[in-house]
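See below for the structure under consideration.
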Amino acid sequence: MTTVGIATGAGSGTGEACARRLVDMVDVLLLTDRSEAAAAAVAKDLSGSHADTVVEAFGADVTDRGDLARLAGRVEALGTLRAVVHAEHVPPEDGDWRRILAVDYVSGALLADALRPLATAGTAFVYLSSVSPLIAHLDPDPQVAAVLDTPLEGDFLTRIRDAIGPAVEDPAWVYPWATYGVHRLVRAEAVRLGPVGARVCSLSPGALDTPETRMEAARHASVRELIERTPLGRTGRCEEAAAVAAFLLSDGASFVSGADIVVDGGLWAAVRDE
């Protein structure tokens, strides 16, 4: 049986770190990224250092149903879906609120919809989220939650903007809402996937040492304050988040599903009661 893995956002950062962990878990690894050249470079490097695993860059827009259908078709042609890490995201400074919601939340729902028919006993998914909705203490009323739980409806972006209000257009607020949506999606997917023996979790990092985090820390005192208040006294490394993702995908986590795992150096523990 040929096992197949997928890593999205695999061209850099946490997505790349996860891909480097995932390559040892499957026979074939498919990498996607908003930069096809970056995904191809990582695929070439991994192919050179892991001769036992076939690594392919797969050109796909994770917000496009057609591209995701092609991705699912490629997996089905290759073998059995074993592991998926969805780490594609849009930095707040690189997209408006619609783009952030589409990539950081809706794409996960689209990917789940495309790959769910391929899930079987032993298949595991990890969706990258963030500690930000916890820090923001998001607790939507039932009407907002009901809209948030329908990301595949064609008018979702309009309806969620109407439900939350104009604040959602602020990148500082839309990102927590998008990643909160991932938390809810994962809980729903755990219920859907359980009967076939498949699992899904979300992973919520705090501040990781990436160019994006350094840029935001330079621009915003609030970001610097959160880093300073992290009990471990530092930012995390992408490899540290990837190590947790690898565990969640492994057989060692075979009874873990529907959970959100926080990897933030203790930040949430420090500020949760505020």
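The values are calculated or read from the model by the stated rules, or taken from the named source; none is laboratory data. All figures in this text were calculated on a predicted structure; none of them were measured in a lab. Cβ atoms come from the backbone with ideal geometry, glycine included; neighbour counts cover every protein chain shown. For the accessible areas, the whole protein counts, side chains as well, though only heavy atoms, and no ligand, DNA or RNA atoms are used. Shrake-Rupley method; radii C 1.70, N 1.55, O 1.52, S 1.80 Å.
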Exercise. In 5 Å bins starting at 0, how do the alpha-carbon pair distances of the stretch 88-179 split up by percent?
Worked result: 2, 13, 23, 25, 19, 10, 6, 2, 0
Exercise. Percent of accessible area on the chain owned by carbon and sulfur, 1.4 Å probe?
Worked result: 52 percent
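Stick to the Cα atoms of the stretch 189-233, pair each with every other, and give me the Kirkwood hydrodynamic radius in Å at one decimal.
One over the average 1/r among Cα pairs gives 13.1 Å for the stretch 189-233.
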Seminar exercise, completed: Between Val191 and Asp24, the FRET efficiency computed from the C-beta separation at R0 = 22 Å comes out, to the nearest 0.05, as 0.15
Seminar exercise, completed: Rounded to whole angstrom, the alpha-carbon centroid of the stretch 7-40 lies from that of the stretch 183-221 at a distance of 16 Å
For this session: Tell me which residues come under 5 Å, amide H to amide H, from Ser204 once H is placed; ignore anything under 5 positions away on its chain.
Result: Ser129, Ile261, Val262, Val263
For this session: State, as an integer percentage, the relative contact order of the chain based on alpha-carbon contacts under 8 Å between residues 6 or more apart.
Result: 19 percent
Seminar exercise, completed: Highest mean packing first, using Cβ neighbours within 10 angstrom, the peptides 38-48, 145-155, 21-31 sort as 21-31, 38-48, 145-155
Seminar exercise, completed: Note: Thr158 to Met215 extended length (0.36 nm per residue) minus current alpha-carbon separation gives 17.5 nm
Seminar exercise, completed: Surrounding charge for Pro231, neighbours by C-beta under 13 angstrom, Lys/Arg +1, Asp/Glu -1, total +1
Exercise. In Å², what does the accessible area per residue of the chain work out to with a 1.4 Å probe?
Worked result: 44 Å²
For this session: Please list the helices of the chain that count as membrane-span-like by this rule: a mean Kyte-Doolittle hydropathy of at least -1.0 together with Cα atoms stretching 30 Å or more along the helix axis, each helix being a complete DSSP H run.
Result: 171-193
